[in-house]
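The structure appears right after this line, and notes come after that.
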Amino acid sequence: MLFENRTHAGKLTGELLRDKIEDKENTVLLAIPRGGVEIAYNMAKVLNIPFSLIIVRKLGIPWNEEAAFGSIDPDGISYIDEAVVRYARISEEEIERVKAKELSKIKDRINKFLGGKEPEVRDKKVIIVDDGIATGYTVIAGINYVKRKGAKEVMVVSPVCPEDTVSKIGQLCDNVFCFYKAKEGSFAVGMFYKDFKQLEDEEVLKIIERAKREGLFYQNRS
């Protein structure tokens, strides 16, 4: 499977859910930035369901930040892959430094993208969206966060993810929808996109402003 770009992937993923969302009035898409924002926007156009953002961050190994050893949510609660920590010999001091750095980035993004106010999800059906799921730790942080905030139902949706990750995430939420469940031995989200250029903050803000004009940005905030 090869998606042209995130627009293509978002439209296909939206079509996957078209007949699976019964109560659209009480459903909201929450995108993990940056890449998930473009996916969620194109899903919102297909489904006519508004989207907003959930700001969670992966915890990257200090000397190889692309490789994650866990994730952290806006409350500062972290989810650690102890096997990776042991294998990479990451010290407790290094873990705490990375957590503090990523929590600061979360706060900055909440201010920059959401004006300092996160979306209200109490009693809502929440669909967490990303452009691809690898280890699943960032999504796990999102699932637990919206549950604590009172979400009535939590689903996870992504264009692509490994089969074993789908099973792992499925134990923590109500449903997982993945357009393509990868069986490849090695996995990187970018290998399933022809165009996987990184979105910049300004591009995310432009998508949000466009969605607001089109009535596709979730404005009910806490």
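Read-outs throughout are calculated quantities, based only on the coordinates presented, and are distinct from any laboratory measurement. A quick note: this is a predicted structure, and the numbers were derived from the prediction, not measured. Quick reminder, even Gly has a Cβ in these numbers, built from the backbone with ideal geometry, and neighbours come from all protein chains shown.
Quick notes on this structure:
- Long pairs among 152/197; 58/183; 58/149, criterion Cα-Cα beyond 27 Å: 152/197
- Placing unit charges on the Cβ atoms only, positive for Lys and Arg and negative for Asp and Glu, gives the chain a dipole magnitude near 480 debye about its Cα centre.
- Close amide-amide hydrogen proximity is noted between residue 27 and 125, each under 5 Å apart and 5 or more residues distant or on a separate chain (H modeled in the peptide plane; Pro and chain starts excluded).
- Under 5 Å, built H, 5+ apart or other chain: amide partners of residue 53: 31
- Cα convex hull volume per residue for the chain (Å³): 116 Å³
- Listed by chain and number, the aspartates and glutamates whose alpha-carbon sits under 14 Å from that of residue 105, ignoring those within fewer than 8 places in the same chain, are 73, 75, 201.
- Under 5 Å, built H, 5+ apart or other chain: amide partners of residue 193: 3
- Computed [θ] at 222 nm, deg cm²/dmol, the chain (DSSP H ≥ 4; -39,500 (n - 2.57); rounded to nearest 500): -12500 deg cm²/dmol
- Within straight-line cross-link reach of residue 11, lysines at Cα separation under 16 Å, skipping those fewer than 8 residues along the same chain: 20, 45, 194
- Rounded to 5, the percent of DSSP beta bridges in the chain classed as antiparallel: 30 percent
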